Amino acid sequence: MDFSYSATAERSSTRVRELFVQIYAWMTAGLLTTAAVAQFTASSDAMLALIYGNPFTIWILFILQIGLVMGISAAVWRLSAGVGMALFLAYAAFNGLTLSSIVRVYTEASIALAFFVTAGTFAAMSAFGYLTKMDLSRIRSILYMALIGLVIASVANFFFASSALYWIISYVGVLIFVGLTAADTQKIKQLAIEHGEANSGRVAVLGALTLYLDFINLFLFLLRILGGRRN
């Protein structure tokens, strides 16, 4: 038995586990930032008027969010870990501004229900993605293609306002992000094995952002299904 190989493999496995603890911690920090900003904004008439009183403001926020996601993803290997995390938390805060409307639309009980269902589903699928020996890369590619189709269908339904299509989009969205949670976790694990020792901070930024997006989108689609609207 090659004990040196076993020791190296064990150190690598330990390093990956420690990196995932960091990734989940930063993802949680992002979620808490989003929740705090959303709650604060929803409780402030002045903030709501600033964001929703002018249609251009919400579009500017959306553009900023998309720009931050694309910028972090594209430049993560060139940025320092500290700058990357700061940009990630900035994105989470901007997301809280745009998600403040759900606090006013849905009841607290239904938001809590959707959150706990999301948390349980996310934990199970992320654990599966981390532990499985199956290669999920092909499934991941298919799911991203399906996501593009879902975005197109959502834009189309903005104009057609079809109730049937709304529910189809909601359930398909849940399935897509359930699958992506597992597939993205496996992809991040592979990155951690390949690049984690030299670039652990950068992998943590990319991992936290990716899993944060999976969690938020899964939550939003589940909220559409489980959420009870305020009267």
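Descriptive notes on the structure:
- Selection of segment 157-193 for residues being assigned to a helix (DSSP H, G or I), more than 21 Å from A123 (Cβ to Cβ) and not aromatic (F, W, Y) yields N157, S163, A164, L165, I168, I169, S170, V172, I193.
- Of everything in segment 73-84 that is of a type in the set (G, A, S) and surrounded by 11 or more Cβ atoms within 10 Å (Cβ to Cβ), the residue that is farthest from the chain's Cα centre (by Cα) is S80.
- Residue in segment 129-137 that is modelled with pLDDT of 90 or more, within 17 Å of T210 (Cα to Cα) and not in a helix (DSSP H, G or I) present: yes
- Boolean, L19 is modelled with pLDDT of 85 or more, crowded, with 16+ Cβ neighbours inside 10 Å, out of contact with any His (no Cβ under 7 Å at 6 or more places or on another chain) and closer than 13 Å to A204 by Cβ: yes
- Being touching a Gly at 6+ places or on another chain (Cβ under 7 Å) and either closer than 24 Å to F94 by Cβ or surrounded by fewer than 18 Cβ atoms within 10 Å (Cβ to Cβ) (or both) is a property that A127 lacks.
- A198 in a helix (DSSP H, G or I), out of contact with any strand residue (DSSP E or B) (no Cβ under 9 Å at 6 or more places or on another chain), surrounded by fewer than 16 Cβ atoms within 10 Å (Cβ to Cβ) and among the aliphatic types (A, V, I, L, M): yes
- Candidate set: segment 138-165, residues that are farther than 17 Å from L180 by Cβ and of a type outside the set (A, V, I, L, M); chosen: the one surrounded by the most Cβ atoms within 10 Å (Cβ to Cβ): N157
- Verdict on A114 being without any contact (Cβ under 8 Å) to a residue 40 or more places away in the chain and either touching a helix residue (DSSP H, G or I) at 6+ places or on another chain (Cβ under 7 Å) or surrounded by 14 or more Cβ atoms within 10 Å (Cβ to Cβ) (or both): no
Residues checked against (1) within 25 Å of A35 (Cβ to Cβ); (2) more than 17 Å from the chain's Cα centre (by Cα); (3) at pLDDT below 95; (4) not in a helix (DSSP H, G or I):
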| position | (1), (2), (3), (4) |
| --- | --- |
| L64 | yes, no, yes, no |
| G71 | yes, no, yes, no |
| A86 | yes, no, yes, no |
| F94 | yes, no, yes, no |
| S101 | yes, yes, yes, no |
| S110 | yes, yes, yes, no |
| A119 | yes, no, no, no |
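- Test for A46: is it out of contact with any strand residue (DSSP E or B) (no Cβ under 9 Å at 6 or more places or on another chain), free of Cβ contacts under 8 Å to residues at least 40 places away in the same chain, farther than 25 Å from A192 by Cα and exposed (fewer than 15 other Cβ atoms within 10 Å of the Cβ): yes
- Where I148 falls short, out of the listed (1) over 17 Å from the mean Cα position of the chain (by Cα); (2) without any contact (Cβ under 8 Å) to a residue 12 or more places away in the chain: (1)
The values are calculated or read from the model by the stated rules, or taken from the named source; none is laboratory data. What you are looking at is a predicted structure, and each value in this text was computed from that prediction instead of being measured. As a convention, Cβ positions derive from the backbone with ideal geometry for all residues, glycine included, and neighbour counts pool all protein chains shown.
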